[in-house]
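The values are calculated or read from the model by the stated rules, or taken from the named source; none is laboratory data. Note that the structure is a prediction, hence the values are computed from the model and not measured. Don't worry about glycine lacking a Cβ; one is built from the backbone with ideal geometry, like all the others, and counts go over all protein chains shown. Keep in mind that these areas ignore ligands, DNA and RNA; they rest on the heavy atoms of the full protein, side chains included. Shrake-Rupley method; radii C 1.70, N 1.55, O 1.52, S 1.80 Å.
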Amino acid sequence: SGETSLGEQLDYTITGIDAGAGVVRSAEEAVEAYGLEYTVQTSSGAAMTQALSDAIENEEPIIVTGWNPHWKFSKYDLKYLEDPKGSFGEAENIHTIARLGLEEDMPEAYQVLDNFYWEGSDMEDVMVQINEGGEPEEVAREWVDNNQEKVSVWTEGVEAVDGQEINLAYVAWDTEIASTNVIGTVLGDLGYDVTLTQVENGPMWEAVASAKTDAIVAAWLPGTHGDHYEKFEAEIDDLGPNLEGAAIGLIVPAYMDIDSIEDLIE
Ligand code: PBE
């Protein structure tokens with residue numbers, strides 16, 4: 001027929017994020033597993049959400065590598081493409097990982113990091129405010145001030161400290177900008193001199209495994225960062241989930257006439 005196929009309209013492109021992200025690797029695996037003609041174009045989380053918003057504004061098709069929790073679901077009507085081959089895994093939890101020795105060196109921070117746990121809706125509150133233009137640090141400050149009941153569970157019985165330096169590494173994904181700023185604020189309130197260091201995903205894992213950073217709250221397991229976890233398992237201290245029920249996958253605007261990754265097979 002003379003109709004332009006979806007693949008042609010999309011230039012056979014899946015809009016990815018940073019090359020180090022697990023969701024990009026999973027999307028590349030999906031391209032293989034489903035035998036798609038598509039290429040996963042890497043850029044950044046911010047470029048992906050910009051491309052998504054441009055496409056929706058013009059009611060054009062787009063396929064992005066996405067995840068939840070995320071503010072994009074409260075702003076746009078979106079759907080995950082079904083993934084019958086399981087390239088993107090099942091539900092994910094986000095874990096807190098400390099460097100070896102943190103428990104001895106900074107027991108107070110370790111306790112708070114170990115206690116840190118919140119809901120997807122909490123994280124989305126922070127993400128939405130940042131997306132609406134709030135400075136991450138200020139949004140985190142406000143969230144902590146407005147949610148003292150939750151925060152006090154993380155800090156219960158923990159003694160204040162006197163300006164000890166602590167470093168948290170994170171990747172500039174919207175989820176991790178939110179969580180890292182919130183826990184950084186809580187540690188700051190406890191008396192720590194907190195530095196947040198933005199890195200890429202691989203270097204983030206290397207940093208916590210080699211004690212160049214004290215902790216991360218950005219470990220997506222078991223699937224998304226499973227390869228990094230396995231590589232460094234003996235050199236890290238896994239404090240367990242700080243959030244449950246996250247997910248990754250291919251996401252499209254609800255107006256698109258496809259429901260499954262299989263619909264991309266030509
Ligand atoms: N993400 C957000 C990351 C984990 C957190 C889904 C973009 C990734 O794909 O590695």
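What are the equivalent ellipsoid semi-axes of region 32-173, built from the alpha-carbon gyration tensor (square roots of five times its eigenvalues), in whole angstrom, biggest first?
Listed largest to smallest, the semi-axes of region 32-173 are 35, 20, 14 Å.
Heavy-atom accessible area per residue, region 92-245, 1.4 Å probe: how many Å²? Spell out each step's value before the answer.
Details: 6790 Å² over 154 residues.
Value returned for region 92-245: 44 Å² of accessible area per residue.
For the chain, how big is Rg over Rh, using alpha carbon atoms and the Kirkwood form of Rh?
Ratio value, two decimals: 1.01.
Taking Cα centroids, how far is region 156-228 from region 240-263 in Å?
A separation of 26 Å, based on Cα centres.
Would you please put 74-87, 44-57 in order of how densely packed they are, using the mean number of other Cβ atoms within 10 angstrom per residue and starting with the highest?
Peptide ranking by packing, descending: 44-57, 74-87.
Grab the Cα-Cα distance for residue 233 and residue 121, subtract it from 0.36 nm times how many residues apart they are, and report the gain in nm with one decimal.
37.4 nm
Taking a probe of 1.4 Å, how large is the accessible area per residue of region 16-61, in Å²?
47
Using only the alpha carbons of region 92-245, what is the convex hull's orientation-averaged projected area in square nanometres?
Mean orientational projected area (region 92-245, Cα hull): 8.1 nm².
With the full set of protein chains in place, find how many percent of the accessible area of the chain is carbon and sulfur; take the probe as 1.4 Å.
Answer for the chain is 42 percent, counting heavy atoms of protein chains only.
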